1. Identify the single condition in (1) small (Gly, Ala, Ser); (2) over 21 Å from B:Lys20 (Cα atoms); (3) more than 11 Å from chain D (Cβ to nearest Cβ); (4) part of a loop (DSSP other than H, G, I, E, B) that B:Ser97 does not satisfy, given that it satisfies every other one.
2. Does at least one position in region D:227-234 carry a residue that is away from chain C (no Cβ under 14 Å) and not hydroxyl-bearing (Ser, Thr, Tyr)?
3. In this structure, does B:Phe281 turn out to be aromatic (Phe, Trp, Tyr), surrounded by fewer than 22 Cβ atoms within 10 Å (Cβ to Cβ) and outside any loop (DSSP other than H, G, I, E, B)?
4. Out of all the residues in region C:286-306, which are hydroxyl-bearing (Ser, Thr, Tyr) and modelled with pLDDT of 95 or more?
5. For region B:94-118, how many residues are in contact (Cβ under 8 Å) with a residue 60 or more places away in the chain and surrounded by 24 or more Cβ atoms within 10 Å (Cβ to Cβ)?
6. Only residues that are over 26 Å from A:Phe38 (Cβ atoms) and crowded, with 24+ Cβ neighbours inside 10 Å: list them for region A:261-278, please.
7. Identify, please: which residue in region B:70-86 is crowded, with 22+ Cβ neighbours inside 10 Å and either of a type in the set (Ser, Thr, Tyr) or more than 7 Å from every other protein chain (Cβ to nearest Cβ) (or both) and is, among those, farthest from the chain's Cα centre (by Cα)?
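The values are calculated or read from the model by the stated rules, or taken from the named source; none is laboratory data. None of the values given here were measured: they were computed from a predicted structure. Quick reminder, even Gly has a Cβ in these numbers, built from the backbone with ideal geometry, and neighbours come from all protein chains shown.
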Amino acid sequence: MIRWNLTWDKGVGLFLIFAVLLGSLLSDNFANASNLSFVLRDVTEFAIIALAMTFLIISGEIDLSVASTLNLSSASLGFLYRAGVPFEVAIVGGLLVGLACGLFNGWLVTKLGLPSLAVTIATLALYRGLSYALLGNQPVNELPEFWIGIGYGRIPGTFLPWSTILLVVLAAVAWFVLHHTRYGRWTFAIGVNAEAAKFSGIPVQRTKLMLFAMTGLMSGVAGVVYTLRFASASPDGAVGYELSIIAAVLFGGVSIAGGIGTMWGVIAAVLSLGVIRSALQLAGFTANSLLIVSGGLLLISVIAPKVTETLRNRTRAESKDNTKKTIREVGNE
Amino acid sequence: MVLSSPDTGRPVLEMMHVAKSFGGVKALVDASLTLYAGEAHALLGENGAGKSTLLKTLAGVHKADAGDVTLHGKPFEQGSTKASIEQGIAVIYQEPSLFPDLTLAENVFIGRQLTSGGLVDWPAMERESRELFARLGVNLDPHQKARGISIADQQIVEIAKALSTDARVIVMDEPTAALSSKEVERLFSVVRNLREQGSAVVFVSHRLDEVFALCDRMTVMRDGSTVGSALIADTSEVDVVRMMVGREVSELFPKLPPKIGDVVLEVKGLSLEGQFSDISFEVRAGEIFALAGLVGSGRSEVIRAVFGIDRYDSGSVVLNGQPLPPGKPAVSMASGIGLVPEDRRQQGLFMASSIARNVAVTLLKKLSSWILLRKKREESTAEAWAETLQLKFATLADPVERLSGGNQQKVVLSKWLATEPQVLIVDEPTRGIDVGTKAEVHRLLSQKAQQGMAVLMVSSELPEVMGMADRVFVMREGMHMGTLDRDEADPEKIITLATGGVVTR
Amino acid sequence: MNNRLFKSGARAFALSAVVALGIAGCASTPEATTTEETSSSTETTTETAESYRIAIMPKAINIGYFSAWDEGAQKACEELGASCDYIGPNEATGPAQVQFINQVIQEGYDALVISAADQNAIVPALQEAAAAGITIVTSDADVAAESADARLVTVLPSAADRIGTAEVDWVAEEIGEEGCVTILSAAATAANQNVWIAAMGPYLEATYPNMSWCGGDLESATFYGDDDATKSVEQFNAILSQYPDVAGIIAPTTVGVLAAAQEKKAKGASVAVTGLGLPSEMAPYIEDGTIAKVGLWNPIDLGYVAVYAAVLGMNGEFDGSVGSTFSAGEGSYEVVEGGIAYLGDPFTFTIDNIATFKEIY
Amino acid sequence: MKAITNVFRAREMPVFLALVVVVGIAGIANPAFLSAAGAIDILLGVAIVAILAVGQTFVIVMRHIDLSVGSLIGFTSFIIGDLYAQGYGLWGGLAAALGVGLIVGAANGFLVAYLKLPSLVVTLGALYIVRGVFNDYAFGRTITAAMVPPEVAWIGLNRLGGIPYLFLIGLALVIVSGLVMRRVKAARDLYAIGSNPAAAELAGIPVARRVFGAFVLNGAITGLAGAVMLGRFNAANANSGLALELLVIAACVVGGVTIAGGSGSVWGAFLGAILLQAITRTIGALGIPQFWQQAFNGGLIILAIAFDKYLNSRVKTTTIMGSQND
């Protein structure tokens, strides 16, 4: 299982390469700097949230409220700005709101012991509702030119959007924390067996609370990026993103049961989905076919490891050289 | 399927030369087991000897690769749990497999609910299970959900389940592992009853005293093969152990002379409503301090509270004169306490994770430079401990679920010993592990104590308590009943204290 | 099964063959492509119009109204010899549309005719498209007024106040100019609806002394069904339970008016329902008397005129400035303040004419 | 009588009480709410979610989940209208809807039961695929009232003794399913599977077959519920049923069908659906500003889940001191 998991991540990496090649073959408008910048810009919010969601799902929890949190953060930013708060301060306000949303989810899950799936379905409605309560039917536009330039523009002299710098930094931090610090280990341990983690001196509840808070904060960051990119804050933005983000994380090889996953698998998955969307779009496929492709990839991501595992077990059983005289109960001892 | 009359002349069940492999691993090579009606038959062997696989073949979980299995002289249909049940086999697993959300009545009849007119007949099921419980001498409410009932009661429900199927072959896989001695007695009388009614009972246990008290015949397995069968009356414990391990076992409780030092851990007036009240004791460096009592007397709850898994209502836990904050295992760990928990699979290990990760999980801070986790150091540490404890494994990257029970327990021990604790709390340290490993664990604990570590041990095995402990703290229903020194402790005194002087209810 | 998923499959394969033969194609930057194509399109003769590639982008491709809108657009394209592709997202949101605007830029279309799903969110993308030399005409739904310079011109059905006031007149007629009225709108952020509703408020108060907004003001009388059947029905019911004495409901959205009509029929409610509805969808309710009158402009014309504006703009025959005019088919349109060209008054559909119109759109 | 007390024992009672409280508050604040029309409002509104919640209950008690229902019901409601318009009649449409429901349910069930894949991932994939196929099939077309089979439209519009047929369909499904879940052996297996999957295997329960069957059943119910949805709205378009799955799951959760499996009943899910609908309506009736309504709704769902948790945590497990064993 674990050994295969690594292979699946490589599979996603290979798929990314495949998707790029496919795009280049299908359309001569695909493989160029300008399109790459479009793809990067398109996946930024998803990717930022997916980084945090990876931790959360590995720890065995889930957050369906991320899109609503993103939007509430954006709405708060807009609300504050419209109320006359300096834009920079409003950005901080938006981030704090995201953090607060995450903390509230975490509080409900860790302190009240409610299941995260149910809780975050409810806060999905709650945070969305608060966006409406804040902005009513008036989206906020006419944001400062400078900041919109950051949101939509590119780094001078390159094709890279400004937000890519942010994404790269956050992804590097997330990768490092997940795979090279004890906090990452804690996350995995909790996902494999939360009770054993508690008995091993890991602060399970506090870690989970932190992970929810981080997911909220990252949703807030994505909310700010979203606001700048679309030069507006409205109460009905980012609807339905939550399932796409979760799908991307799962496609990246993270197990919904917790305990398994890698950061670069998720990053490759998010990029793959962005690339394949662009490739198919440029090849003239309709938006509807993109849905089918997303769903199909998600299914393949769980079916393929299963099938390979079965095949491998079969070959292992058949191979004659593996007659090492280790006798042990494979069953339940 | 029901045998009309017990026929002791002809075997009920014959399993002949059964073999079974998983992937490339041979779990059963040449296993045979013959059962007669009306006997209690002990199936013995170390962990990994193949007992469970053999029993699971009988239960229909596995299908044998080779060999003959006949039931009442007819071929036995293998490979389906349903078919096994229908053929009159009932298996009571080591870990009771009840459905917590269902009522006890439905648990008894699960998969074979009584029906009238095609619909589930609840009153009938409740009535019949009430009768079964009465027959087993317990007062359980069939209406009650199974969630939260004690392990002993779960065991009884499993037996009721077996009785309700009119099973002629009843397999009990270590049924006593989690039972107090009183409950064991209750179980034994049930088994004797079953035997008299003509059922064949297969009894798996690591406690040889029980085997000799209860069983008529025995079969010993080693390395996937049957070593031999014999009448209990014709053998001795020493013979059995030799057959099981294939060698002489030196000493089961290699207690070293203790070097008792200063008080390390002080528990003062600890209380938790409904669990235990006013528990006070001191544990000294170099001492093995045992908490004895019946299962459910609150011992595990006390040590969970001491370590910080659960909070407590009042009292305090003091380590080296410093009070420990309640409910903070991380702080306890950092201050020098370790806890080897009762339930290895659920609490002790990350079954799907590698051996290395399991060993290192308590050391992550030590293995880090600032926040960077040094993976090389992690591996070398795990390797060193694996060597120290003579762990048997293929590679450190293997998930611990591939290890045998004894080796798994060694992993749990190493992860705590690696923290170099001043106080090591061990809860049922040798439950469900084989004789050989048991002795190793005892030797290890004894050594560590001699080197100055304080050991706080919870054990339901009286021989273990007697053999290891310097002092015995006896509990009953959450209360402290008395403390005995090593030289004044004997089984009778402990049991009297643990049962409050009244044995029967 | 139809083949829409892969509607350009053949083109894709052709392209891939081309690319396989000449890898150089891959490396060409969009700027290069765009320049190439704009240079060819600067010639203003009708023959070269054949080389115009125009993207027709609805709020979402799955909405029936836009199929009719596209029908008109395609008709104009045929007349003008342009090649038009109907592309867009499957959810009517700005961010989803941006992905397709990016595609338009990437593929170097000459023009984009778009119904803005979000008046703000698509503006930066439209500006980028304009910078890449793409002529942009918004139609049906415009971007925010302060971002009007992002497009050449917008083609809208009627002046906002005309649509708003007409709907108030319809409901007034039906309820005998007496009683309180509510609005069942689309999304709270729907720009068109918000403009129309803003026009309704003062007009009703000024024109019909015996009528009022339920709850006392426009805000408490406005409900949002998010252009979703379930939510619209829910909001319809919320109106009835909150204002049991409501006399009329104006639903200035095709989804909302349809849901309201069905729910009115299901409940046997007596409230008058009117608004903007597609005749093909509303016919059964008008025929059985549930609804007396709804109105709508012709979306076919809307798409048709927008494509004309785009092509004429590219030909240099029309610059979108205030006061300039252009003609499309038999009609002639003048650009008014704000860079807007209006189609004309909305049609109304009643029992007398519904049989004819339900066959058209 | 005993059956009825059983049905409302423990698990469903809090939901029922909450419903009474919510309706009571609304009734006091706005007497029109308690009128027949107010009640019918809720009943009519609740039918679709209630029916889907019943199907979802089969799945959730097994500790699984089916996210594909929103896409599926939208698709089948469209198909029924489309096939009717093309001259295949009501039964042709229903057969196709049932067929599509069975196929999707069987595909989900196969992957979950036999390949042992996580249901959340599988059905999330199915959600996208079905919606994509559906949207491509519909592609800008809408099903208008004229394309709805008259029988379906009639069911959506009419009522029996003042109670809408749609609600009666839902109620009938709940009564039958409630009986099945309580009294049919195969359905009891679903609880066992959700309560302790490993033990279910050992107890001889054909786990894979049951899991498969429950997904197929949910698919079939959802497929046929397309007719109910079509009757309700008398129209369908590519967005029909969008995001309905989360509402359905919320109804189950609020109704005490726990995500962890093993407990809950179709009655609970049904009451949960009614409660959610009543909450939505109450918020309107209380005159809470429009833009605050969704926030209140979300907040109340959290309260409902927390309340349920609180009540269940009061069911004490056996304690050591003074327990019957010592």
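1. All conditions are met except number (3).
2. yes
3. Numbers: aromatic (Phe, Trp, Tyr): yes; surrounded by fewer than 22 Cβ atoms within 10 Å (Cβ to Cβ): yes; outside any loop (DSSP other than H, G, I, E, B): yes.
Yes: the conditions hold for B:Phe281.
4. C:Tyr304
5. Residues flagged as in contact (Cβ under 8 Å) with a residue 60 or more places away in the chain and surrounded by 24 or more Cβ atoms within 10 Å (Cβ to Cβ) within region B:94-118 amount to 1.
6. Hit for region A:261-278 is A:Gly261, nothing else.
7. Among them, the one singled out is B:Leu71.
Here's the yes/no breakdown for (1) crowded, with 22+ Cβ neighbours inside 10 Å; (2) modelled with pLDDT under 95; (3) basic (Lys, Arg):
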site	(1), (2), (3)
C:Val113	yes, no, no
C:Asp118	yes, yes, no
C:Ala121	yes, yes, no
C:Thr135	yes, no, no
C:Ala144	no, yes, no
C:Thr165	no, yes, no
C:Val181	yes, no, no
C:Ala186	yes, yes, no
